[in-house]
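*Asks:* Just dropping this structure here.
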C-alpha cells in the first residue's frame, strides 16, 4: 500500500485518533468508577435519589 508523499501525516493522524479514542475510553471508565463510589457513599449515608411527587407528569 503506497500512501504517497503524505504517509507520515496519514500515519500520525491515525495514531493521534487512536490515542484520543483510547484516552476517552479510559476517562469514561475512571469517571464511572468515581461516580459509582460517590453514589455508594451517599447510599451508605442514607441519602437517596429525589423522587417525583405522586401524580406528577411531564409536560411539554
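*Asks:* Somewhere in the range 43-56, is a residue modelled with pLDDT of 90 or more and either touching a helix residue (DSSP H, G or I) at 6+ places or on another chain (Cβ under 6 Å) or surrounded by 10 or more Cβ atoms within 10 Å (Cβ to Cβ) (or both)?
*Replies:* So far as the range 43-56 goes, yes, one or more of its residues are modelled with pLDDT of 90 or more and either touching a helix residue (DSSP H, G or I) at 6+ places or on another chain (Cβ under 6 Å) or surrounded by 10 or more Cβ atoms within 10 Å (Cβ to Cβ) (or both).
*Asks:* Which numbered condition in (1) under 23 Å from the mean Cα position of the chain (by Cα); (2) not in a helix (DSSP H, G or I) is the only one that residue 19 fails?
*Replies:* Status for residue 19: all satisfied but (2).
Matching residues to (1) assigned to a helix (DSSP H, G or I); (2) under 21 Å from the mean Cα position of the chain (by Cα):
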| position | (1), (2) |
| --- | --- |
| 6 | yes, no |
| 9 | yes, no |
| 14 | yes, no |
| 23 | yes, yes |
| 26 | yes, yes |
| 29 | yes, yes |
| 33 | yes, yes |
| 36 | yes, yes |
| 52 | no, no |
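The values are calculated or read from the model by the stated rules, or taken from the named source; none is laboratory data. Small disclaimer: the values here were computed from a predicted structure and weren't measured. As a convention, Cβ positions derive from the backbone with ideal geometry for all residues, glycine included, and neighbour counts pool all protein chains shown.
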